[in-house]
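Before any comments, here is the structure.
Laboratory data are not the source of any read-out in this text; all were calculated from the coordinates shown. Bear in mind the structure is a predicted one, so any value in this text is a computation, not a measurement. Note that we place each Cβ from the backbone using ideal geometry, even for glycine, and neighbour counts take in every protein chain shown.
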Amino acid sequence: MRKKIVAGNWKMNLSLQEGVALANDLKAALAAETPNCDVVICTPFIHLATLAAVTEGTVIGLGAENCADKEKGAYTGEVSASQVKSTGAQYVILGHSERRAYYHETAEILKAKLHLALDNGLKVIFCIGEVLEEREAGKQNEVVARQLADSLFDLTAEQLKNVVLAYEPVWAIGTGKTATAEQAEDMHAFIRGVMAGRFGEPAAEELSILYGGSCKPSNAKEIFSKPDVDGGLIGGASLKCADFKGIIDAWK
Ligand code: PGA
C-alpha cells in the first residue's frame, strides 16, 4: 500500500514566531487525534531548525521548499541539501512551478537538486504540472510527461522510493480554481503510467502522487477519493491550523 500524505507548503509566509505557533497548534491537534495519513510541513529555511525541535517525536514530518543545485561553497545566499538535512528536516520540495517560473529553474537544474537532495538522505516532493495555455491546447499530458522524463528518468528504482510526486496544474495554484476530481484522476493515472513505463509497474504502484492547487477542506475529500490521488500539497490552506487539519481529516 502506498503512503497517503498531506503536505503543507508555507511558501514565503509567517515569521519565525508565527511559524512556531502554527506548528504547535498542529502538533496539539494531531496529538488529540492521530491522522490516517502522513503529515508534512514544508517551511522557509529560517523555520527549520526550530521546528525540527517542535516536531521531533510527533507524527509531523518537516521539509524545506527548495535547496541549492550545488553541493557547497561560494554561492552566497543559497542553502544546500546537506544544510537542510542538518536542521533535522526530512523532506524538500523541488520543481515547484513558482521556482520554475520566477527563478528560471530548468530541468537540468532540478535534476542536480534532486540528486543532491537524495544523496543527502532527504525525501523529495517533486512538482510537475502544466500552465493554462498548455491545458487549453490539450497538451497537458505531453508537458507533464516531458517534465517527468527530463528530471526523473535517470534515477534508480531504489532512489525513486524516496520521491513523492505532486501534480499541480499551475492554473489552479493560489487561484481558488481547483481541478475537478476527474481531471486530477486522469492526470494522476497518466503519470503513474508514464512512471510504470520507465520504472516498472511495482515501483509506479508504490509511488505516492499528491494533488496540489487550491485544495481546501471542502474539496479535499472528493479529490482524495480518486484511486490514483494519494493526498495533497497544500499552499494557502496550510497556513491555518483548522484548514490544514480539515484537509488531513479528508482521509478519515
Ligand atoms: P495553493 O498552493 O494550495 O495555495 O493553491 C499549492 C502549492 O503551490 O503547492
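Treating each Cα of region 187-252 as an identical point scatterer and summing with the Debye formula, the log10 of I(q)/I(0) at q = 0.27 Å⁻¹ comes to -1.06.
Using only DSSP helix segments of four residues or longer, with each worth -39500 (n - 2.57), what per-residue ellipticity at 222 nm results for the chain after dividing by its residue count and rounding to 500? The helix contribution divided over the chain gives -13500 deg cm²/dmol. In plain terms, the chain from ALA157 to GLU182 could stretch by 6.1 nm, reckoned as 0.36 nm per residue minus the Cα-Cα distance. DSSP finds beta bridges in region 120-252, and of those with both partners inside it, around 0 percent are antiparallel.
Here, region 114-176 yields an orientationally averaged convex hull projection of 4.8 nm² when only Cα atoms define the hull.
When both region 174-252 and region 97-142 are represented by their alpha-carbon centers, they are found 17 Å apart. Length available on full extension from ALA149 to LYS221: 0.36 nm per residue minus the Cα-Cα distance, which gives 22.9 nm. Counting Lys and Arg as +1 and Asp and Glu as -1 over every other residue whose Cβ lies under 14 Å from the Cβ of SER82, the net charge comes to 0.
Sorted fewest first by neighbouring Cβ atoms within 10 angstrom, GLU185, GLU105 come out as GLU185, GLU105.
Evaluated at q = 0.09, 0.13, 0.14 Å⁻¹, the base-10 log of the normalised Debye intensity for the chain, with identical point scatterers placed on the Cα atoms, takes the values -0.35, -0.76, -0.89. Near GLY212, the amide H atoms lying under 5 Å from its own belong to TYR167, GLU168, LEU233; only residues 5 or more places off or on other chains count, and H is placed 1.01 Å from N. Share of pairwise Cα-Cα distances greater than 22 Å in region 28-137 is 38 percent (whole percent).
The three principal axes of the Cα atoms in region 153-198 give end-to-end lengths of 37, 19, 13 Å, sorted in falling order. In this rough spin-label picture, where each label sits 7 Å from Cα along the Cβ direction, the LYS240-SER86 distance is 3.9 nm.
With N the number of residues in region 112-252, Rg(Cα) / (2.2 N^0.38 Å) evaluates to 1.03. Taking 13 Å as the cut-off, the amide N atoms of region 1-20 that come nearer than this to a point 7 Å along the Cα-to-beta-carbon line of GLU206 belong to 1-3.
In the structure shown, do any of LYS123/LYS221; LYS216/LYS252; LYS111/LYS245; LYS161/LYS240 have a Cα-Cα gap over 21 Å, and if so which? From the list (LYS123/LYS221; LYS216/LYS252; LYS111/LYS245; LYS161/LYS240), the Cα-Cα distance tops 21 Å for LYS123/LYS221; LYS111/LYS245; LYS161/LYS240. For a paramagnetic label modelled on MET12 (point 7 Å from Cα along Cα→Cβ), amide N atoms under 20 Å away belong, within region 216-248, to 234-240. Treating cross-link reach as a plain straight distance, find the aspartates and glutamates whose alpha-carbon is under 14 Å from the alpha-carbon of LYS4, omitting any fewer than eight places away in the same chain. Within the straight-line cut-off, LYS4 pairs with ASP38, GLU205, GLU206, ASP228, ASP230, ASP249. Look at the alpha carbon pairs under 8 Å that are at least 6 residues apart: their mean separation over the length of the chain gives a relative contact order of 22 percent. Taking every DSSP bridge with both residues inside the chain, close to 0 percent are antiparallel.
If only the Cβ of Lys and Arg carry +1 and only the Cβ of Asp and Glu carry -1, the dipole of region 48-194 around its Cα centre is close to 340 debye.
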